[in-house]
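Report on one structure; see the data block that follows.
The values are calculated or read from the model by the stated rules, or taken from the named source; none is laboratory data. Source: prediction; values computed, not measured. Positions of Cβ are generated from backbone atoms using ideal geometry, with glycine treated the same way; all protein chains shown enter the neighbour counts.
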Amino acid sequence: MFKRFCAVLFTALLVSSTLLAQTSTLAATPPMGWNSWNLFAGRVNDKDVRGAADAMVSSGMKDAGYIYVNIDDTWQGERDAQGVLQANSKFPDMKALADYVHSKGLKIGIYSGPGEKTCARYAGSLGHEEQDAKTYAAWGIDYLKYDLCSFRQNMMAEAPNDPAKQTQMMKDAYEKMHKALLATGRPIVYSFCQYGWDAVWEWGPSLGANLWRTTGDINPTWDRMTLIGFSQAGLSKYAGPGHWNDPDMLEVGNGKLTLDENRLHMSLWAILAAPLLAGNDLSKMPAETASILTNRDVIAIDQDPLGKQGDRVSEVGPVEIWAKPLQGGAKAVALFNRDDTALPITLKLSDVGFSGAAKAHDIWAAKDLGKLQGSYTVTVPRHGVVLLRLTK
């Protein structure tokens, strides 16, 4: 009997360690894909998601590295008599939809939250975590965005004057779904969406997060995008392979952002090693937008296998210089101009770790600058960026 118990225990430990090892390989680089919310919000349906998958392929996004097609809120229907959650009429067959996305060589994501209701007041996972995780796995889901939303009400009701207990409740809720996902045996990227509360970057990885939101919601305006992006200074030490700071989705191609603003947006997210989740209409993407989202050199910075997030080097008024270590000793360096007029910006090579000379490539201009000696001065357009790759 004792030998049998030991054998069972050994097998359980082996399975557990295998699943944990499998999970650690998820999101080895920041996830890339598309999310439905920015374009469709609550209108998203099966046809929209299939269309996004088709456009991901035809637009060149897939070839550039975008893989995940993520359904955000409002897909949920009712639970059956056993408590199993069904999709609503907008998604008549979620398994068939997942199979379609997979047939394109892509992966599919879905959305829920630890509360009774989601942000849009659809069914959340409270009390049904294991059931929902099994349902996602059975459908073939590859990515889960887990949004705090109504669970905040539970936290406030149970511990109105106890912030520490509220934080622990939140941690417990996120860990519960992590364990449920692990138990399915299916690799599912786990995205915490709780707006950066309580320094999530310090504890998210220990609870299974592959990425975690560090901010509130983005929108396609210059002020909001820059407020979010530049607020990431100081968080670089918390990111790495399998676990990433997430300043929210890309708004490239949305709203009234200009060419230079879109390039700055994409450059900053790449320097931040941020997840690249597009939110624009892929089927009607102007060539200008496509050229930004699919720029291979910019994506290579974001996806660099060293897995280092960049950080601010200097800030003087509206001028900021950021740098990101790359594999092989190279550096990505971004010269940002947040002013309303063009400005000359001078980069001192010593400030970014190069003593003496460095070879430079201007990524957006797609040209080699040759060998730089000591410093480099360039005029950067209003709300613009010069993005360099420096090598010894």
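Which of the residues that make up the range 38-61 are in a helix (DSSP H, G or I), in contact with a Lys or Arg (Cβ under 8 Å, 6 or more places away or on another chain) and surrounded by 20 or more Cβ atoms within 10 Å (Cβ to Cβ)? Residues satisfying the conditions are Ala53, Met56. Annotation: Ala98 fulfils all but one of (1) closer than 23 Å to Trp244 by Cβ; (2) in contact with a helix residue (DSSP H, G or I) (Cβ under 9 Å, 6 or more places away or on another chain); (3) at pLDDT 95 or above; the unmet one is (1).
Considering each residue of the range 91-100 in turn, none proves to be closer than 30 Å to Glu288 by Cα, under 17 Å from the mean Cα position of the chain (by Cα) and either surrounded by fewer than 19 Cβ atoms within 10 Å (Cβ to Cβ) or not assigned by TED's automatic domain parsing to the domain that holds Asp281 (or both).
Of Thr346, Thr377, which residue is of a type in the set (S, T, N, Q) and in contact with a Pro (Cβ under 6 Å, 6 or more places away or on another chain)? Give the steps one after another, and end with the answer.
Details: Thr346 fails: in contact with a Pro (Cβ under 6 Å, 6 or more places away or on another chain).
Going through Thr346, Thr377 in turn, the sole match is Thr377.
Answer yes or no as to whether Thr258 is among the polar types (S, T, N, Q) and either closer than 21 Å to Asp362 by Cα or under 17 Å from the mean Cα position of the chain (by Cα) (or both). Yes, satisfied. Scanning the range 251-271 for residues that are modelled with pLDDT of 95 or more and over 23 Å from Met285 (Cβ atoms) turns up at least one hit. Among residues of the range 272-288 being under 17 Å from Met56 (Cβ atoms), modelled with pLDDT of 95 or more and among the small types (Gly, Ala, Ser), the one that is surrounded by the fewest Cβ atoms within 10 Å (Cβ to Cβ) is Ala287. Answer yes if at least one residue in the range 359-376 is surrounded by fewer than 18 Cβ atoms within 10 Å (Cβ to Cβ), of a type outside the set (Phe, Trp, Tyr), at pLDDT 95 or above and closer than 19 Å to Glu315 by Cβ, and no otherwise. Within the range 359-376, one or more residues are surrounded by fewer than 18 Cβ atoms within 10 Å (Cβ to Cβ), of a type outside the set (Phe, Trp, Tyr), at pLDDT 95 or above and closer than 19 Å to Glu315 by Cβ.
Which residue is nearest to Val57 (Cα to Cα), if the candidates are limited to the range 82-118 and must be in a loop (DSSP other than H, G, I, E, B) and touching a strand residue (DSSP E or B) at 6+ places or on another chain (Cβ under 6 Å)? Here the residue is Leu106.
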